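Written out below as structure tokens is the structure these notes cover.
Derivation of every value follows stated rules applied to the coordinates shown; laboratory data play no part. Quantities reported herein were computed from a predicted structural model and do not represent experimental measurements. A quick note on method: Cβ atoms are made from the backbone with ideal geometry, for glycine too, and the neighbour counts reach across all protein chains shown.
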Amino acid sequence: MTLADSTKSPKSGLKQFLSDQMRNIAPIFTLIILVLFFAVQSPVFFSVDNLLNILSNASITGIIAVGLTFVILTGEIDLSVAALANAIGITMAFFTIQPDYVNIATIPLPGVICIILTIASAVALGAVTAFGVTKIGIPSFIMTLAMMQIANGVSALLVRGQIAYIFPDFITLLGAGKIFGLRWSIIVCSLLLLFAHLVLTYTRFGRYVFMVGGNREAAEYSGVNVKMIIGAVMVISAACSGLAGMLGVAYFGSAQQNGFDDFLLTAISAVVVGGTSLFGGRGGIGNTIIGLLVLGVLNNGLDLIQIDSFLKILIRGLILLAALVINVYAQKLKEGTAEG
Amino acid sequence: MNTSSVRLTEGAKAPSVSGSDTMPILEMRHVSKSFGGVKALRDVDFSILHGEIHGLVGENGAGKSTMMKIIAGVHAGFEGEMLVSGQPVHFRSARDALAAGIGMVHQELSVIPDLSVAENVFLGHQPVTSTGVIDWRRMNDMAREQIASLGLNIDPTTRMGSLPVGLQQLVELSRVLFSGAKLIILDEPTSALSPPEIERLFTVLRRLRDDGRSIVFISHFLDDVLAIADRVTVFRNGEKVITEHAAKLTKDSVISHMIGRGSANMHMGESADLAADDSKPIVLSVQQASDGVMLHDVSLTLRKGEISGVYGFMGCGLIELARTLFGKNALKSGTLMIDGQSIRFASTSAARQAGIAYVPENRKMMLFRTEPVFKNVSIAILDRIHSILLKTGREREISETHIKDLQIRPPRTDIALGNLSGGNQQKVALAKWLTHLPQVLILSEPTRGMDVGAKEDVIRIVKALRDRGVAIVVLSTEPETILTLADRVTVMKKGMVVKEFTTGHIDKSDLLAAA
């Protein structure tokens, strides 16, 4: 080999580190700034109750965001998560006996069977999305948009404008119950985040997810079954959304049309604000956790300092835009330094 | 703005009228051009006369495309002088060149299939009515007239994509003509055409020449060049070898000018003694394979411990053949057999599991530039070393072995792949298939764009794999690569196998003549 090759070394020093780590540093930095700001502005912000409140508010979004992280890491998107969560929550209510004053046709089943059937429906809907994206070749953006509408349709047909209140006991416990003062939903979300992190970091499947997102063509030419990986993340996303829907309706205490309307934007924001690349291949559960905390702290803090609630909506939009700018910029920096 | 380019052209045309017929429309004097220290052109004089068809030939990298890109304004900076109709010019862009009456039709057509023929002809300068709305009637009429002047009869409202490639090319040609080009450069115009289509193109070109336009005809297909050109210029290694009347040339004499036979500096891969051994067991064979697009009735047999070379010009179907063997493109008809078993791959993953390995011509398609070297090496064997959980320690060990064996520099497993040089990246692309030897290794352009040292390393590695029993197919547009590596050679032309060499001495001219 020539000398030039052997002396060619990666760009050294701080610049390389910063451009590599920008997508990780920026969200953590944002989180610290927000926490400091709200801690100064509001005396109750740092109370244990309030911090637990932030976590429990983030827990349902967090479960959705786990599945979405897999999808976005492969460079795809799932816009059906919130609608699917709602449809699955309602499906669970449909299989549970409701009080007389709730005027909904139901098929009451024993709790265990109800839970199994409900999860199976989530997986089935995810499989439909996976089929559309991988076998038919519909872009995930459009396919999941269609699935969003289908899920909304299922929700509408099952509740017909009514509200269901009763869910299997086990789900009610997980969604609304507490242990040692800690909400079960926080524990479920944390365990799921941990499990997803282990899968993404330490399993073969996780590696494939990153590699497919990093360079789909190269993965395919290395003999990776790209379609299977993308199909799998779509099903994982639907399963996570389904679980979030089941726990969510229990958390809210009701299942109704439009119950999860805010969750699509929040879940996507959490993943993206956390720094997972929209182009796939970079990021992970750690980023999603930071993203969830940033959004949780922001929502909570804006309530505490009693800001105009209409302005709050705009602020969330601006934060998302800022995160998108950083996301794309970080990608360019990364590619720029790898050019060598 | 819709007519500005036309107007400019008419201005530029004026001096040519006063000039005599023998004055060249274009003259290049002492032109040199370097790319990062590599001389692509060395002190070339070159001229095109009014009303001539000028053939331009040379091997890949001989400098003919560089020259044409300078003429067409794509490369702005160069040493030397350029005169159009006796006036010195300096183009800063392709737009400048077009304004001076020089237009180029590239090998890859830039037509928009979903627009009509007329819209394609007038792309970017559609005629408008006084209210600023597109004047469809005028546009269609003008397009019909324009196309008819080429001796063709095409309805201008037809959708472009519904025309055969040959006609699409002529429509693009008429677009260039309509923008006022007096000198038209055609890059590989016949590579995608059938014989009758070529004949039609030639008729059009002769008509244009007789109208006083000048045409540069760049092609690898020497028969075509000799059939249509009035004069032919041969390039070799960045220099002009000769400009001669086509009537005084034969295919053999052109080939010997192209490869410089008889000169003292015989390079690696100028010739080869083939030693195909039909007693070796067949590992993979394709029979009458067609993909419905590019490949027609391709048959190829790969034997254990043998390197089969497949040679052809760019666009002859080499890439498609490689993709089909690796399960990326579907086989429309024909059979694919591995170890005597007929097989169809549903995915590249199925092909890999059947023991087929593929290194594509473009490293970006094969490698993860932002990922560390070890992940690039292990991606193809993850299912062999891990069941569920990753054993990154094992991955690193494997990578280290390959880095040592293949002398990959720098010898580090954790560095992002994008930091390696091209030759080293190519070695990583090879390394990923070497942990568990594949039955079949498909190598597309394995040495393209490498420095000599890296080239020799790759050649050594490939030969070592052959000696360990791998059935290898090397697909390349570079005759040197084929002649250096292959034990047998198949030549492809326009998606078909046209010639096979199995034994005896062959050299570059045999390959060039066959393709």
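Summary of computed values
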read-out	value
Per principal axis, descending, Cα span of segment B:271-514 in whole Å	49, 38, 33
For chain A, built as a Gaussian network whose Cα springs stay under 10 Å, the top-fluctuating residue of A:Ile119, A:Ile97, A:Ile32	A:Ile32
P(r) weight above 31 Å for segment B:4-259, C-alpha pairs, percent	24 percent
Contact order relative to length of segment B:4-259, as percent, for alpha carbon pairs under 8 angstrom and 6 or more apart	27 percent
Cα gyration tensor of the protein assembly as shown - equivalent ellipsoid semi-axes, whole Å, descending	59, 35, 27
Reachable lysines, given that their alpha-carbon falls under 25 Å from the alpha-carbon of B:Lys240 and they are not under 8 places away in the same chain	B:Lys33, B:Lys39, B:Lys64, B:Lys69, B:Lys182, B:Lys248, B:Lys251, B:Lys508
Sites A:Val40 and A:Ser254 - FRET efficiency at Förster radius 45 Å, r taken between beta-carbons, to 0.05	0.75
For residues of B:391-398, the mean tally of beta carbons on other chains within 10 Å	1
Prolate/oblate/rounded label for segment B:179-317 (Cα gyration tensor, a/c 1.5)	oblate
Shielding by partners - mean other protein chain Cβ count within 10 Å, residues of B:341-350	3
Pair B:His30, A:Leu52: separation of 7 Å Cα→Cβ label points (nm)	8.8 nm
Per-peptide average of other Cβ atoms within 10 Å, ordering B:409-416, B:282-289 highest first	B:282-289, B:409-416
With Cα atoms, 0 to 90° folded angle of helix B:136-148 axis to chain B main axis	80 degrees
Sites B:Glu397 and B:Gln107, calculated FRET efficiency, Cβ-Cβ separation with R0 45 Å, nearest 0.05	0.45
Hypothetical label at B:Leu115: residues of segment B:131-153 whose amide nitrogen lies under 14 Å (7 Å Cα-Cβ projection)	B:134-136, B:139-140, B:143
Among A:Thr118, A:Thr201, A:Thr129, residue whose mean-square fluctuation peaks in a GNM of chain A (springs only between Cα atoms under 10 Å)	A:Thr201
Label point at B:Asp223 placed 7 Å out along Cα→Cβ; residues across segment B:233-261 whose backbone nitrogen lies under 14 Å	B:251-252
Degrees separating the helix A:81-94 axis from the principal Cα axis of chain A, which is the longest one	30 degrees
Computed over segment A:48-338, Cα set: Rg, Dmax in Å	18.9, 65
Amide H within-cut-off set for B:His75, under 5 Å, with H built and near neighbours excluded	B:Ile70
Fully extended contour minus Cα-Cα distance, from B:Ala513 to B:Thr158, at 0.36 nm per residue	123.9 nm
Angle in degrees between helix A:184-202 and the longest Cα principal axis of chain A, rounded to the nearest 10	30 degrees
Per-residue mean of C-beta atoms belonging to partner chains within 10 Å, peptide B:363-376	5
Protection proxy ranking of B:164-172, A:132-140, A:287-295 - average other beta-carbon atoms within 10 Å, highest first	A:287-295, B:164-172, A:132-140
³J(HN,Hα), Karplus 6.51/-1.76/1.60, whole Hz, each residue of segment B:98-103, x for Gly, Pro	5, 5, 8, x, 10, x
